[in-house]
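Below is one structure, written out as structure tokens, with a few remarks after it.
Only the coordinates and a few stated rules stand behind these numbers; no lab work does. As the structure is a computational prediction, the values presented were derived from the model and not from experiment. So basically every Cβ, Gly included, is an ideal-geometry build from the backbone, and we count neighbours across all protein chains shown.
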Amino acid sequence: MFKKYLLSLLLSVGLLSPALAEDINPVVVMTTSAGVIELELMPKQAPQTVANFLRYVENDFFPGTIFHRVIDNFMIQGGGFSVDMERKDTLPPVSNESTNGLPNMRGTIAMARTNDPNSATSQFFINLKNNDFLNAKGQRPGYAVFGKIVNGMDVLTQIGHVQTGKQGPYKDVPVEPIVIQSVVLK
């Protein structure tokens, strides 16, 4: 909130040009039951994906959702299920922006999707390691990276090491839920 106010103030008094303001990437603070992760979003490379994610943030969609899929040495996935493993209603899917030049590297956030490349809605994952096989290659679409962790890699690592099991039809579910308590624009 303060960052938005400061940008508006600096723009209004002419101390910051609109072009420079556009170069400042938004940062979101994700508070979880395991700790805080700050993510810098990349709207120049993934404009539709970032806009989609920020709509969910503005609509207060993520609080109460969990990291429902954790695979150590791969990724942590969240943003779609409640603690009771009930799937939340989502907005329409966005177009896949996996050819944006951002690779699936450790600490990057990308959109989860089905086999349909253009099916991403609210679910995202954060890479626990470099996952080159998730990148677009030739005509094969990948998983669209749209940001990176700028603070909280220790929290990412901690979540990646939690004990998981099966819950209903779902595998790799943390035994102790990792709850997303809030996601706010910094």
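General observations
- Build a GNM of the chain with springs between Cα atoms under 10 Å apart, and of Gly147, Gly138, Gly107 the one that fluctuates most is Gly138.
- Relative contact order (%) - the range 25-185, alpha-carbon pairs under 8 angstrom, separation at least six: 35 percent
- Most mobile listed residue (Ile66, Ile149, Ile24) in the chain, GNM with C-alpha springs under 10 Å: Ile24
- Within the range 109-149, backbone nitrogen closer than 19 Å to the virtual label 7 Å beyond the Cα of Asn73 toward Cβ: 126-134
- Listed by chain and number, the aspartates and glutamates whose C-alpha is less than 20 Å from the C-alpha of Lys166, apart from same-chain residues fewer than 8 away, are Asp72, Asp84, Glu86, Glu176.
- The chain: calculated mean residue ellipticity at 222 nm from DSSP helix runs of at least 4, using -39500 (n - 2.57): -5500 deg cm²/dmol
- Once the chain from Glu38 to Leu91 is taken as fully extended at 0.36 nm per residue, the excess over their C-alpha distance is 16.7 nm.
- Whether the range 82-126 is rounded, prolate or oblate, judged on the alpha carbon gyration tensor where a/c under 1.5 counts as rounded: oblate
- Net lengthening on full extension, Asn115/Val83 (0.36 nm per residue, minus Cα-Cα): 9.0 nm
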